[in-house]
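The values are calculated or read from the model by the stated rules, or taken from the named source; none is laboratory data. Predicted model only: the values in this text are computed from it and were never measured. Positions of Cβ are backbone-derived with ideal geometry, glycine not excepted, and every protein chain shown enters the neighbour counts. To get the accessible areas, we keep the full protein, side chains included, count just its heavy atoms, and leave off ligands, DNA and RNA. Shrake-Rupley method; radii C 1.70, N 1.55, O 1.52, S 1.80 Å.
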Amino acid sequence: MIKKIYLTRHGQTDYNLKGVVQGSGIDADLNATGRAQANAFYQAYKDHPFDKLYVSGLKRTFQSMEGFINDKLPYEALPDLNEISWGKHEGVPVDQEGAAYYADMIKRWQLGETDIAIEGGESPNEVAARMQRALEYILAQKNESQVLICMHGRAMRMMLSVMLNYPLKSMDSFEHSNLCLYQLAYTGSSFQLEKYNDTSHLQDLKG
């Protein structure tokens, strides 16, 4: 049986709006734009026959999927789906020095140094291990052929790398935006990518 995975990112928060990294240690609420994005996603997919919803342990994913939850779609929170921990840099406005540090870290990851973590945070290898664990759990569940997952930007890049067997250094090839959609089909041995960073359901929100 083919299992369909619908992977989306949470809606906008004020941290997103201000360009401040949140990570797993910042449990921020959606802002008004984020709630509008969540509603647009819900309106587009409310009639889709999802069997199960998975969210992270952070409330911005729960709030993004509230329409489905209110419709009594079975759901489960998996902390393994949480965003990467950015350690000391979580919730801190990014100044010029911080931006340079962040850019250097991303570059090192792109060069393959995925065992390196931001100060006090997680490395991509550590996050990928969480993603693998969450994925194995989801795939092992019976009678869930249409699965909706709401998670976080950097973690989503690593999840997609795990699902599609990409090296983690290539994770930035998976672009994302708030409430975008990636659609994948699992054949029992591998994943096929069917939609990439789809935002067509958000078109009416764009001025």
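Listed values, structure above:
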item: Hits in the range 21-53 - residues which are in a loop (DSSP other than H, G, I, E, B), in contact with a strand residue (DSSP E or B) (Cβ under 9 Å, 6 or more places away or on another chain) and open to solvent by less than 40 Å² (accessible area, probe 1.4 Å); result: 22, 26, 28, 31, 50
item: Residue within the range 151-162 that is more than 15 Å from the chain's Cα centre (by Cα), of a type in the set (A, V, I, L, M, F, W, C) and open to solvent by less than 10 Å² (accessible area, probe 1.4 Å) present; result: no
item: The lone exception for residue 76 - which of (1) of a type in the set (D, E, K, R); (2) touching a helix residue (DSSP H, G or I) at 6+ places or on another chain (Cβ under 6 Å); (3) part of a strand (DSSP E or B) it fails; result: (2)
item: Some residue of the range 114-133 being among the β-branched types (Val, Ile, Thr) and in contact with a strand residue (DSSP E or B) (Cβ under 6 Å, 6 or more places away or on another chain); result: no
item: Members of the range 54-73 that are hydroxyl-bearing (Ser, Thr, Tyr) and part of a helix (DSSP H, G or I); result: 61, 64
item: Residues of the range 163-190 satisfying the condition of being open to solvent by 50 Å² or more (accessible area, probe 1.4 Å) and of a type in the set (D, E, K, R); result: 169, 175
item: Complete set of residues in the range 2-39 that are among the hydrophobic types (A, V, I, L, M, F, W, C), farther than 14 Å from residue 61 by Cβ and either at pLDDT below 95 or within 17 Å of the chain's Cα centre (by Cα) (or both); result: 2, 5, 17, 20, 21
item: Residue among 139, 148, 179 that is assigned to a strand (DSSP E or B) and not charged (D, E, K, R); result: 148
item: Residues of the range 54-110 satisfying the condition of being loosely packed, with under 13 Cβ neighbours inside 10 Å and polar (S, T, N, Q); result: 70, 96
item: Residues of the range 191-206 satisfying the condition of being part of a loop (DSSP other than H, G, I, E, B) and open to solvent by 50 Å² or more (accessible area, probe 1.4 Å); result: 206
item: Among the residues listed as 126, 144, 122, 113, the single one being open to solvent by less than 40 Å² (accessible area, probe 1.4 Å), more than 27 Å from residue 43 (Cβ to Cβ) and acidic (Asp, Glu); result: 122
